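A.B. asks: Structure below; questions to follow.
The values are calculated or read from the model by the stated rules, or taken from the named source; none is laboratory data. Keep in mind that what you see is a predicted model, and the values were worked out from it rather than measured. Methodologically, a virtual Cβ is constructed for each residue, glycine included, from the backbone with ideal geometry; neighbour enumeration extends over all protein chains shown. Accessible surface is based on the protein model in full, side chains and every heavy atom, while ligands, DNA and RNA are left aside. Shrake-Rupley method; radii C 1.70, N 1.55, O 1.52, S 1.80 Å.
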Amino acid sequence: MKSWLLINGPNLNMLGQRDESHYGSETLADIEDMMLEIASSHGAYLDVRQSNHEGEIIDWLQNAMHYDGIIFNPGGYAHTSVAIRDAVEMIQIPVIEVHLSNIHNRETFRHHSYLSAVTSGQIVGFGALGYKLAAYALIDQLNERER
Ligand code: CA2
């Protein structure tokens, strides 16, 4: 059985509470439930985590070697954290970066992600659907690796 890890970074625990224009109306629990369902319907096990703390996220990434893949919304750390980028770079499994909003049509400081060069791919701008798309991308990547 494949096992996947879903990590959501800082402030994503606030989803659904305000700023719906950028992030949609779904709560983090809605997104996690949707992903748990997708994982189980594809015969995969999913661990879901959220943290507002950079070091905690780095610890999770460093200890993620027993998973087959990671779906990761790093939140604002995408634009600031060389340390998270370094942790992702060390990982041997596919990491798919997700952003709910289209970071490229927002403030200039959101246009650059330190992670995008070290992730398998980036999905932005499709709201909660982006996590679903990331799951399909991960399934495809894992199938490719087995071929
Ligand atoms: O679009 C995304 O998914 C982001 O990763 C969300 C981050 C933002 O810093 C990134 O640039 C793009 C922020 C998440 C903040 O979530 C909130 C949710 C509700 C209310 C306030 C903030």
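A.B. asks: Looking at (1) in contact (Cβ under 8 Å) with a residue 12 or more places away in the chain; (2) closer than 17 Å to Leu5 by Cα; (3) out of contact with any Leu (no Cβ under 9 Å at 6 or more places or on another chain); (4) outside any loop (DSSP other than H, G, I, E, B), find the lone condition where Phe109 falls short.
C.D. replies: (2)
A.B. asks: Looking at the range 82-101, I want the residues that are more than 13 Å from Ala117 (Cα to Cα) and have a partner that is of a type in the set (Phe, Trp, Tyr) and away from the ligand (no atom under 16 Å from the Cβ) with Cβ atoms under 8 Å, at least 6 apart or on another chain. Which pairs are those?
C.D. replies: Between residues of the range 82-101 that are more than 13 Å from Ala117 (Cα to Cα) and residues that are of a type in the set (Phe, Trp, Tyr) and away from the ligand (no atom under 16 Å from the Cβ), the close pairs are Ile93/Tyr67.
A.B. asks: Looking only at residues that are within 18 Å of Tyr136 (Cα to Cα) and surrounded by 19 or more Cβ atoms within 10 Å (Cβ to Cβ) in the range 10-35, which one is farthest from the ligand (Cβ to nearest atom)?
C.D. replies: Among them, the one singled out is Met35.
A.B. asks: If a residue must be free of Cβ contacts under 8 Å to residues at least 12 places away in the same chain and under 14 Å from the mean Cα position of the chain (by Cα), how many such residues does the range 19-51 contain?
C.D. replies: Matching residues across the range 19-51 total 0.
A.B. asks: List the number of the failed condition for Leu5; all other conditions in (1) within 13 Å of the ligand (Cβ to nearest atom); (2) surrounded by 17 or more Cβ atoms within 10 Å (Cβ to Cβ); (3) at pLDDT 95 or above hold.
C.D. replies: So the condition that Leu5 fails would be (1).
A.B. asks: Would you pick out the residues in the range 52-80 that are small (Gly, Ala, Ser), within 16 Å of the ligand (Cβ to nearest atom) and either open to solvent by 10 Å² or more (accessible area, probe 1.4 Å) or over 14 Å from the mean Cα position of the chain (by Cα) (or both)?
C.D. replies: Correct list: Gly75, Gly76.
Residues checked against (1) on the phi > 0 side of the Ramachandran plot; (2) exposed (fewer than 13 other Cβ atoms within 10 Å of the Cβ); (3) under 16 Å from the mean Cα position of the chain (by Cα); (4) within 14 Å of the ligand (Cβ to nearest atom):
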| position | (1), (2), (3), (4) |
| --- | --- |
| Ile93 | no, no, yes, no |
| Asn105 | no, yes, no, yes |
| Ala137 | no, no, yes, no |
| Glu146 | no, yes, no, no |
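A.B. asks: In this structure, is Ile38 within 13 Å of the ligand (Cβ to nearest atom), in a helix (DSSP H, G or I) and open to solvent by less than 50 Å² (accessible area, probe 1.4 Å)?
C.D. replies: On the way: within 13 Å of the ligand (Cβ to nearest atom): no; in a helix (DSSP H, G or I): yes; open to solvent by less than 50 Å² (accessible area, probe 1.4 Å): yes.
Criteria not met by Ile38.
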